[in-house]
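The values are calculated or read from the model by the stated rules, or taken from the named source; none is laboratory data. Note that the structure is a prediction, hence the values are computed from the model and not measured. No Cβ is skipped: glycine too gets one built from the backbone with ideal geometry, and neighbour counts run over all protein chains shown. All accessible areas refer to the heavy atoms of the entire protein, side chains included, with ligands and DNA or RNA removed. Shrake-Rupley method; radii C 1.70, N 1.55, O 1.52, S 1.80 Å.
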Amino acid sequence: MRTAIYPGSFDPPTNGHCDIIKRSSKLFDHVIVAVAENSEKVYTFTVEQRVKMLKDIVKPFNNITVEHFNGLLVEYAKLKSAVTIIRGLRALSDFEYEFELALMNRHLNCDVDTIFMMTDEHYSFVRSSLVKEVARLGGDISDKVPPIVEKYLREHYSK
Ligand code: ADP
C-alpha cells in the first residue's frame, strides 16, 4: 500500500490545502493529513480544532485520514510506513523554504522522499495567514475556505 503524508499547520485549512488533498487522494492508496503541533509556534486554532475542521473536509474521501503529530516528520513518516511527503508549491517564494525542508528531511531519512504539487491557479495567493487577516477585518472569504472553516473563523473573530 502506498501511503503518503501531507503535513502542515493548517491554521486554518484553506481551499488551497483542500485542492492538494483532493488531488493527492487520486495518486496514493492512503493519504494521512498530518496536523503539526509545534510547541515553538503560536497557532490561532488549537490542534483539536484544526483536526476537527480537516476531518469534516476529508469526509468525502475514503482513503484520507487526519492525525496530529509533533516531533520529527521523518520519524512520524517511518512510524506510519509512509515513504512520501507531499507539499504544495504556490509562488516562487515558497520554493526556497520548501527546498531546504525537503533536503533536510532527506538528510535525516533518505528513504522518505518529498513530492511537490503545484497549486491550482485559483489558489495561488490563498494562504492561511492572509485568509485570517481578511476574516478579522470582516471581508468575504467564502470562496477561499470550506464552509466549516468559515464558521470557525467567524466565531473566532466575533469574540
Ligand atoms: P506549514 O506551516 O507546514 O507551511 P501550511 O498549512 O502553511 O503549513 O502549509 C502546508 C502545505 O500546504 C505547504 O506545503 C504549503 O506550501 C501548502 N499550501 C498552503 N496553501 C496552499 C495553496 N493555496 N496551494 C497549494 N499549496 C498550498
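Computed quantities for the displayed model
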{"quantity": "Considering residues of the range 111-128 that are aliphatic (A, V, I, L, M) and buried (at least 17 other Cβ atoms within 10 Å of the Cβ) only, the residue nearest to the ligand (Cβ to nearest atom)", "calculated": "Val126"}
{"quantity": "Residue identified as in a strand (DSSP E or B) and within 14 Å of the ligand (Cβ to nearest atom) among Ile85, Ile141", "calculated": "Ile85"}
{"quantity": "Among the candidates Leu89, Leu73, residue that is open to solvent by less than 80 Å² (accessible area, probe 1.4 Å) and under 15 Å from Ile20 (Cα atoms)", "calculated": "Leu89"}
{"quantity": "Meets criteria (part of a helix (DSSP H, G or I), touching a Lys or Arg at 6+ places or on another chain (Cβ under 8 Å) and over 20 Å from Val131 (Cα atoms)) for Ala77", "calculated": "no"}
{"quantity": "Residue within the range 6-23 that is more than 8 Å from the ligand (Cβ to nearest atom), more than 24 Å from Asp113 (Cβ to Cβ), surrounded by 23 or more Cβ atoms within 10 Å (Cβ to Cβ) and not β-branched (Val, Ile, Thr) present", "calculated": "yes"}
{"quantity": "Residue ID - nearest to the chain's Cα centre (by Cα), chosen from residues in the range 52-68 that are open to solvent by less than 20 Å² (accessible area, probe 1.4 Å) and under 29 Å from His107 (Cα atoms)", "calculated": "Val66"}
{"quantity": "Among (1) at pLDDT 95 or above; (2) open to solvent by less than 30 Å² (accessible area, probe 1.4 Å); (3) closer than 21 Å to Ser129 by Cβ - the single one Tyr43 does not satisfy", "calculated": "(2)"}
{"quantity": "Scope the range 92-108; condition surrounded by 15 or more Cβ atoms within 10 Å (Cβ to Cβ) and of a type in the set (S, T, N, Q); matching residues", "calculated": "Asn105"}
{"quantity": "Number of the condition not met by Asp56 [criteria: (1) of a type outside the set (Val, Ile, Thr); (2) within 14 Å of the ligand (Cβ to nearest atom); (3) assigned to a helix (DSSP H, G or I); (4) in contact (Cβ under 8 Å) with a residue 40 or more places away in the chain]", "calculated": "(2)"}
{"quantity": "Residue pairs meeting the criteria (Cβ under 7 Å; at least 6 apart or on separate chains; first at pLDDT below 95 and of a type in the set (S, T, N, Q), in the range 113-129; second part of a loop (DSSP other than H, G, I, E, B) and more than 7 Å from the ligand (Cβ to nearest atom))", "calculated": "Ser124/Ala91"}
